[in-house]
1. Search the range 98-111 for residues being open to solvent by less than 10 Å² (accessible area, probe 1.4 Å) and among the polar types (S, T, N, Q), and hand back the single one that is nearest to F64 (Cα to Cα).
2. Looking at the range 49-66, can you tell me whether even one residue there is free of Cβ contacts under 8 Å to residues at least 40 places away in the same chain, more than 16 Å from ligand 2 (Cβ to nearest atom) and under 19 Å from P182 (Cβ atoms)?
3. Restrict the check to the range 77-97 and report whether at least one residue is open to solvent by 10 Å² or more (accessible area, probe 1.4 Å), over 22 Å from S121 (Cα atoms) and not charged (D, E, K, R).
4. On the given criteria, is Y263 closer than 16 Å to P215 by Cβ, touching a Gly at 6+ places or on another chain (Cβ under 9 Å) and hydroxyl-bearing (S, T, Y)?
5. Can you tell me which residue within the range 162-195, out of those that are touching a residue at least 40 places away in the same chain (Cβ under 8 Å) and away from ligand 2 (no atom under 16 Å from the Cβ), is surrounded by the fewest Cβ atoms within 10 Å (Cβ to Cβ)?
6. Give me a count of the residues in the range 99-156 that are more than 16 Å from ligand 2 (Cβ to nearest atom) and under 16 Å from the mean Cα position of the chain (by Cα).
7. Determine, yes or no, whether V58 is more than 17 Å from A13 (Cα to Cα), assigned by TED's automatic domain parsing to the domain that holds F161 and within 11 Å of ligand 1 (Cβ to nearest atom).
8. Can you find a residue that is closer than 24 Å to C94 by Cβ, of a type in the set (K, R) and buried (at least 22 other Cβ atoms within 10 Å of the Cβ) anywhere in the range 139-153?
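The values are calculated or read from the model by the stated rules, or taken from the named source; none is laboratory data. Predicted model only: the values in this text are computed from it and were never measured. When we count neighbours, we look across all protein chains shown, and the Cβ atoms used for this are built from the backbone with ideal geometry, even at glycine. For the accessible areas, the whole protein counts, side chains as well, though only heavy atoms, and no ligand, DNA or RNA atoms are used. Shrake-Rupley method; radii C 1.70, N 1.55, O 1.52, S 1.80 Å.
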Amino acid sequence: MKKETKRILVTGASGQIGSELTLALRKIYGNDNVIASDIAEPQQGSPLANGIFEKLDVTNFDAFEQVVKKHNIDTIVHLAAILSAVGESNPTRCWNVNIGGTLNAFNLGVKYEMSKIFVPSSIAVWGPGIPKIAPQDGVLKPKTMYGVTKVTIETLGDYYFHKYGLDCRGVRYPGIISSETPPGGGTTDYAVEIFYKAVRGEKFICFVNENTRLPMMYMPDCLKAAIDLLKAPVENLTHHCDYNVGSMSFTVKSLYEEIRKYYPNFEIEYKPDYRQAIADSWPDDVDDSVARKDWGWQPEYDLPRMVEDMIEKLKVKLARN
Ligand code: NAD
Ligand code: AKB
């Protein structure tokens, strides 16, 4: 009989997704049943501090195991990672954190017969030549170390499921847009930074060109994807750590135009750098029909609704700070 999810450890909880997913999980599973952890302390004043927080480097197996044992963990939401842009400045560190940390999470999952491990993948699994709308199954030839680690993690997830019966699950997130915690060094960060500049009344220098189109998702849908997949019955799942999840897809120009409806004098200048090539190697959008069929995936936000909500939330946040 498989364990139920009752005691969750979130790694990388101080990051863009973790800072919000931890709170959403605490609402569902109880404040004391969701343990936040990260190598970095949470931002000052972060509501993460209202629950248990452990300082943890996921590459250290013994320290990871101690936290698992101390809190009687049955589920790991493994978010600790180095993202695409930062990963290119230190590919070895990117490999060590992403692969070393995930192997530790998977091995602890097996050792403690855990209920589930949730580990996100990314649109970074694809590389040049991918169809504009990326299929669920197809060739994965990433050109970044981050992408290489994500393909490896997806493959490891399949391996651990078949070899040990470990229930590993994950979605290929698009670029995530949110107002709470700034993104941690990815290629899609421009789609968040643009809002800070607009709300502050400053000009935005964009590191990709105006025609760059990528799949994106607003944080409420990002949280929904993780929570819905965690709750799905395992017998319905035909995939493990590699579900495509779509939401919206837009060019920088169309994002800028949508924001200008609120800030007509907002200015943008394009100065593409090394991240342009990374963005160009990723698809415009994804086919998420398998996630819709297997576990009822259904996003709620489109571009206009996301822009309206982001501006409202950032105005409040920046007025406070
Ligand atoms: P982030 O960079 O904001 O947060 C990652 C966190 O991991 C940081 O708080 C960092 O301190 C922590 N970390 C780094 N090294 C660590 C270590 N050795 N031990 C413990 N913690 C460590 O990233 P995020 O955007 O919150 O991403 C979370 C997950 O979602 C990652 O797996 C990422 O690849 C994936 N993802 C994110 C996006 C996105 O747009 N945010 C898109 C696709 C996939
Ligand atoms: C990045 O740009 O590296 C991330 C991602 C899409 O995985 N936001």
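1. That would be T102.
2. yes
3. No, that holds for no residue.
4. So Y263 fails the test.
5. So the residue we want is Y164.
6. 1
7. Details: more than 17 Å from A13 (Cα to Cα): no; assigned by TED's automatic domain parsing to the domain that holds F161: yes; within 11 Å of ligand 1 (Cβ to nearest atom): yes.
No.
8. yes
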